[in-house]
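Trainee: My structure is below; once you've seen it, I'll send some questions.
The values are calculated or read from the model by the stated rules, or taken from the named source; none is laboratory data. Computed from a prediction, not measured in an experiment: that's the story for all the values here. All Cβ positions, glycine included, derive from the backbone under ideal geometry; neighbour counts span all protein chains shown. Side chains included, ligands, DNA and RNA excluded: accessible areas come from the protein's heavy atoms. Shrake-Rupley method; radii C 1.70, N 1.55, O 1.52, S 1.80 Å.
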Number of protein chains: 4
Amino acid sequence: MSQIAFIGLGHMGLPMARNLLKAGHHLKVFDLLPAAIDELAKEGAQPASSALDAIAQADVVISMLPASRHVEGLYLGADGLLNALKTGTLVLECSTIAPQVARNVHHAAQERGIELLDAPVSGGTAGAAAGTLTFMVGGAAKVLAKARPLFEAMGRNIFHAGPEGAGQVAKVCNNQVLAVQMIATAEAMAMGVANGLEPVVLAEIMRQSSGGNWTLEKYNPWPGVMENAPASKGYSGGFMAELMAKDLGLAQETAQASGNSTPMGALALQLYRLLLKQGKGKQDFSVVQQLFTEQ
Amino acid sequence: MSQIAFIGLGHMGLPMARNLLKAGHHLKVFDLLPAAIDELAKEGAQPASSALDAIAQADVVISMLPASRHVEGLYLGADGLLNALKTGTLVLECSTIAPQVARNVHHAAQERGIELLDAPVSGGTAGAAAGTLTFMVGGAAKVLAKARPLFEAMGRNIFHAGPEGAGQVAKVCNNQVLAVQMIATAEAMAMGVANGLEPVVLAEIMRQSSGGNWTLEKYNPWPGVMENAPASKGYSGGFMAELMAKDLGLAQETAQASGNSTPMGALALQLYRLLLKQGKGKQDFSVVQQLFTEQ
Amino acid sequence: MSQIAFIGLGHMGLPMARNLLKAGHHLKVFDLLPAAIDELAKEGAQPASSALDAIAQADVVISMLPASRHVEGLYLGADGLLNALKTGTLVLECSTIAPQVARNVHHAAQERGIELLDAPVSGGTAGAAAGTLTFMVGGAAKVLAKARPLFEAMGRNIFHAGPEGAGQVAKVCNNQVLAVQMIATAEAMAMGVANGLEPVVLAEIMRQSSGGNWTLEKYNPWPGVMENAPASKGYSGGFMAELMAKDLGLAQETAQASGNSTPMGALALQLYRLLLKQGKGKQDFSVVQQLFTEQ
Amino acid sequence: MSQIAFIGLGHMGLPMARNLLKAGHHLKVFDLLPAAIDELAKEGAQPASSALDAIAQADVVISMLPASRHVEGLYLGADGLLNALKTGTLVLECSTIAPQVARNVHHAAQERGIELLDAPVSGGTAGAAAGTLTFMVGGAAKVLAKARPLFEAMGRNIFHAGPEGAGQVAKVCNNQVLAVQMIATAEAMAMGVANGLEPVVLAEIMRQSSGGNWTLEKYNPWPGVMENAPASKGYSGGFMAELMAKDLGLAQETAQASGNSTPMGALALQLYRLLLKQGKGKQDFSVVQQLFTEQ
């Protein structure tokens, strides 16, 4: 069992850390909010007073932070963890951040003999709680081989996307497709219903036909089509629209750096920003359905 | 076995008619191109000299025509088939046309005591040949019950979408989602590859994740990812880009009539029209991939 | 002075008819709403009991109707005016309709020896009242020469756009550009202000630079930038968003018929439809500004 | 007359420096390409061997560089010019860069008692040569008052956009509107011509109507409409498509930072990137016309 420093105990990090505890690992945990530390301490984790304190005895560091700047702040610079970690430490950086930033952190880690993987997740808070997350991993295959049991304590599908940064690239590609097909499904549902079709019937026809996609399979945006989907629970739970806007922004940043044209992805971002202007950023991202119906 | 008049023997109609012949039905067939008639005549169909000749003894009429105006021309007006068919004839109108036109033909049929279904298909020429088409059917459930064996001779999934016109609405909804997710997939493939990912790896990660959709499952637009996909065969075969543009145009016509906003669907149409301007209308619709890569 | 039948006395038609009266013409007027007829009757027009009654003695017919189907209904078919008008009558069809419908009416008029011009207007209700409308005219130059004094009684700029239907084509092209640049201006105003610029300063810089356009010149969508713009009067007056959506729909219908790709125009239509879903269709079309700001 | 260090002698910087020379100023000039230095040296400028050499005696520094990273590299960091300039130096930073970067350079300058203005230009190489550029200036009004004669030696319209960074914000807002209306005009020209209108006639109607904008006034994208426009000279000269893509990218970066939704601006960027993929990045930005016509 590893001695793990887990940093970042938000909606995703906390249940991920909990699954590692359940699997028998020793965790020392840190977050800027003491409440999250206390909660895990009750379940057997060792509380840390700072990120530096958390890593003192660690063989493994796992971080789950909100955005690129937090990851840069944690690892890089004179006070960054990379300067404090012992050679050979394994770092699993699970935040969703810009591929370029992930590459920078990788390079800094390599210079110090630290093994790092960028490993953003998909699956949302439900997947984090159930231990069924998908990890998209960038970095060396042999490092992933070593880290695999840890990922498996937190997730189900562990993909090796490629070299450093590739996990982030795979994540933004995937989430861009997800956002676009969510909006496309919402448009089609609204148009079909306005033309007299039963939502359940239309959803089922498309699901089984060439329009089939993950949102039709698991996450229909029309209220009442799927009992357990956020759409049927007032668009609560799930994956917040503002987080989808964040990921679409990372995708555009990536496209900008590589000169790619992504008209659908760009439009998806703009439509999510319209939703945010309407105050719906904290609702599940399938709330984009409401753009296309009278409110 | 029914006495069937089959009108419209193009890339789709001809193999559909052939499957009905194989199932033991009696067919009298007509097309504006004599070659198609001759081909089926060799296989046991009775050639007709006109649409009116074809329907003379028919219990069932099946039509598969290019566009709304051809369907209006065949059935409506003083010289239209609806004025010539006997009461109780069953009409399976399988063309992909505007829902409003389908409703008009339905209403005219009802006035004359003729049972009609709008039943556009998906599955392409390969599905037509293999008898695995999907039918999306609009009209009365009891008429569909009667027609079901005929559809099953030509296809595999037979959906009852709803009342008159609903088959067409389901089709345009489905194909709009299909076009959008094809483009979204193509954008993501280009962006991922430009950022260093292996196409096969990226495709597989998205397929198994929340970006999963039919194009990733069956029809990846990046050459070489799927051996049998049109993308791996020079974008030949499959479903022509100009036919996708046609369907997206019908979707916009439908949205216009019902006042729906479909930003993704509208953008998909515009991008397909750009492709057509580049002379790629006869290639498979996954050729949209080439918009996003250097040519 | 001509003997004019004026049909269609809505927000635009009524002030246009009034300007013809002021110029000394004899008008017999008809509308489905008696109130409008009564109002003009008080000002010297002769009331008609039907469109057919209105045209009985007319040398000139002017029509100003809401949409394509009304124009088809008025002029075409067995009961249409074209069957009742005497040879040599001059018809000024000022409605904004699909170019294809305008061409159909032209051809029907030509067969009956009637001189017709399609002559949609821009300038809104204010321009109609002030007699400063712009007319975009399709049809023969020599017919326009004859009609010019009548147009000049109602407007200021009289453009000969080309042959039959060209007036409508010019109108949809113009209004599509107008809608797109209104939205582009609104986006830029919101972005500039969010980044600390004074709206009046930003508006003035763009107006005088390469971003300059008619909306910056006459019709800024940001409240308070221009005292007399609808934006400064709660988006009242001006040109209703739902009418802009109608014109953008005609543009898409035109693009569909000719196979043109118009990504900006298509997106503008979708954004206006989002506004309509929000219940803002009756406000001035510059209310699109509110899509881009918190409400 | 000022002692000016001019750094960055590209397509824009060189003619700007020349106009300052003509106005009687003393210039010491630097560029990474010696040819540009030599050219100006022949016209009376003093050549510098480095940026540091250029500023040795300068009262004023003017820089005109390609992108944000060059400006950061020139001014910031331990080796940056801001550490070498004497207190009270006036810096006119004329590059087009991200507003956030401009603000960072402003703040660093303020800490060192250096007066800086961000002053991006519009007007292209022709405007630079003719001394008719537009300057959009961010920074203190009293600094602008001091700098105004220098700007007037290089340009015609000098706008005070607001505080630090405001010049860059105004520039990206303006250029985003410009790109969108260029594309909108190109779409409309293609659609009108495809529907039978004469390009010159359509252009003139829109120019005088509510579709009027700067591109219709000065820079029509349809070949032959305006004799001196790049479109009539094989899309040579003018403002390169790749530079417009750069500016649209800055606009999206700005929108991302402030959370603005700019669907038209985002789509414009994607369409320009499609053009770049087609190898047209070095042509004038009005070449976007060719997206909408058969090539």
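Trainee: Long-range amide H contacts for C:Thr89: which residues qualify at under 5 Å (H placed 1.01 Å from N, peptide plane, sequence gap of 5 or more or a different chain)?
Mentor: C:Glu115
Trainee: For A:Arg148, place a label point 7 Å out from Cα along the Cα→Cβ vector, do the same in each other copy, and report the separations in nm, one decimal, smallest first.
Mentor: 4.8, 7.3, 8.6
Trainee: Quick one: with label points 7 Å out along Cα→Cβ, list the inter-copy distances for A:Glu111 in nm, shortest first?
Mentor: Shortest to longest, the spacings are 2.1, 8.2, 8.2 nm.
Trainee: Same structure, new question: For the pairs D:Lys22/D:Lys142; B:Lys233/D:Lys282; C:Lys218/D:Lys218; B:Lys246/C:Lys277; A:Lys218/B:Lys22, note any where the Cα-Cα span goes beyond 29 Å.
Mentor: Violating the 29 Å limit, Cα to Cα: B:Lys233/D:Lys282; A:Lys218/B:Lys22.
Trainee: What would the Debye equation give as log₁₀ I(q)/I(0) for the stretch A:85-230 at q = 0.13 Å⁻¹, counting only Cα atoms as equal point scatterers?
Mentor: -0.67
Trainee: Quick one: accessible surface of C:His70, probe radius 1.4 Å, all protein chains present, in square angstrom to the nearest 10.
Mentor: 70 Å²
Trainee: May I ask which residue of chain D has the beta-carbon nearest to the axis carrying chain D onto chain C, and at what distance in whole Å?
Mentor: D:Asn213, 2
Trainee: Sorted from largest down, give the three principal axis spans of the alpha carbons of chain C, whole angstrom values.
Mentor: The principal-axis extents, from largest down, are 65, 45, 34 Å.
Trainee: Near B:Lys42, which aspartates and glutamates are there with a Cα under 18 Å away, not counting those fewer than 8 places off in the same chain?
Mentor: Within the straight-line cut-off, B:Lys42 pairs with B:Asp31.
Trainee: Could you tell me what percent of the accessible area of the stretch A:3-163 is made up of carbon and sulfur, with a 1.4 Å probe and every protein chain present?
Mentor: Solvent-exposed carbon and sulfur of the stretch A:3-163 make up 54 percent of the total.
Trainee: Now for a separate question. Compute the orientation-averaged projected area for the stretch C:203-243 from the convex hull of its Cα atoms and round it to one decimal in nm².
Mentor: For the stretch C:203-243, averaging the hull's shadow over all directions gives 3.0 nm².
Trainee: Answer with one residue from B:Met240, B:Asn195, B:Met182: the one whose Cα lies farthest towards the positive end of the charge dipole of the stretch B:169-292, charges on Cβ with Lys, Arg +1 and Asp, Glu -1.
Mentor: In the stretch B:169-292, that residue is B:Met240.
Trainee: Just to be sure I understand the model, the point goes 7 Å from the Cα along the line to the Cβ. What's the resulting D:Asn228 to D:His107 distance in nm?
Mentor: Inter-label distance under the simple model: 4.5 nm.
Trainee: Where in chain A are the DSSP H helices whose alpha-carbon span along the long axis reaches 30 Å or more and whose Kyte-Doolittle mean is at least 0.5?
Mentor: Once both thresholds are applied, what remains is A:166-194.
Trainee: Same structure again: In nm, what does the list of distances from B:Leu33 to its counterparts in the other copies look like, shortest first, when each label sits 7 Å along Cα to Cβ?
Mentor: In ascending order, 5.5, 5.7, 6.6 nm.
Trainee: Output needed: percent of Cα pairs per 10 Å distance bin for the stretch C:1-98, bins running from 0 to the one holding the longest distance.
Mentor: 17, 55, 26, 1
Trainee: Taking all protein chains as present, what is the carbon and sulfur share of the accessible area of the stretch B:177-295, in % to the nearest whole number, probe 1.4 Å?
Mentor: 51 percent
Trainee: Report for chain B the percent antiparallel among DSSP-assigned beta bridges with both residues inside it, nearest 5.
Mentor: Of the beta bridges lying entirely in chain B, close to 15 percent run antiparallel.
Trainee: While we're on this one: Just need the relative contact order of chain A here, percent rounded to a whole number, with Cα pairs under 8 Å and 6+ apart.
Mentor: Reported as a whole number, the value is 13 percent.
Trainee: While we're on this one: As a test of the definition: which semi-axes, in Å, follow for the protein assembly as shown when you take the square root of five times each eigenvalue of its alpha carbon gyration tensor? Largest first, please.
Mentor: Semi-axes, largest first: 53, 44, 25 Å.
Trainee: Between D:Gly238, D:Gly192, D:Gly265, find the one with the highest GNM mean-square fluctuation for chain D; connect C-alpha pairs within less than 10 Å.
Mentor: Highest fluctuation of the listed residues: D:Gly192.
Trainee: OK, next. Starting from the Cα of A:Ala145, step 7 Å toward the Cβ, then list every residue of the stretch A:82-113 with an amide N under 19 Å from that point.
Mentor: Under cut-off, by backbone N: A:88-92.
Trainee: Would you calculate the volume per residue, in Å³, of the smallest convex hull containing every Cα atom of the stretch B:3-163?
Mentor: 95 Å³
Trainee: Related question: Leaving out ligands, DNA and RNA but keeping every protein chain, what accessible area does C:Glu111 have, in Å² rounded to the nearest 10, with a 1.4 Å probe?
Mentor: Here the accessible area works out near 150 Å².
Trainee: Same structure, new question: So, R0 is 30 Å and r is the distance between the beta-carbons of D:Ala78 and D:Leu33; what FRET efficiency does that work out to, to 0.05?
Mentor: 0.70
Trainee: Where does the protein assembly as shown land at 222 nm, in deg cm²/dmol rounded to the nearest 500, when only DSSP H runs of n ≥ 4 count, each adding -39500 (n - 2.57), divided by all residues?
Mentor: Roughly -15000 deg cm²/dmol at 222 nm, from the helical runs in the protein assembly as shown.
Trainee: With a 1.4 Å probe, how much accessible area is buried between chains A and B, both sides summed, in Å² to the nearest hundred?
Mentor: For chain A against chain B, roughly 4600 Å² becomes buried.
Trainee: Using a Cα-Cα cut-off of under 18 Å, which aspartates and glutamates could be cross-linked to C:Lys86, ignoring same-chain neighbours fewer than 8 residues away?
Mentor: C:Asp53, C:Asp59, C:Glu111, C:Glu115
Trainee: OK, next. With the radius of gyration and the Kirkwood radius both derived from the Cα set of the stretch B:169-292, what is their ratio Rg to Rh?
Mentor: Radius of gyration relative to Kirkwood radius: 0.97.
Trainee: What is the set of long-range amide H partners of B:His26 at a cut-off below 5 Å, with H atoms built 1.01 Å from backbone N?
Mentor: Answer set, sorted by chain and number: B:Ser2, B:Ile4.
Trainee: Going through the stretch C:1-101, which trypsin sites (Lys or Arg not before Pro) have at most 16 other Cβ atoms within 10 Å and a DSSP loop state?
Mentor: Qualifying residues, ordered by number: C:Lys86.
Trainee: When the dipole is taken about the Cα centre of the stretch B:66-213, and only Lys, Arg (+1) and Asp, Glu (-1) are charged at their Cβ, what size is it in debye, to the nearest 20?
Mentor: 360 debye
Trainee: Residues of the protein assembly as shown: accessible area per residue at 1.4 Å, in Å²?
Mentor: In whole numbers, the protein assembly as shown has 35 Å² accessible per residue.
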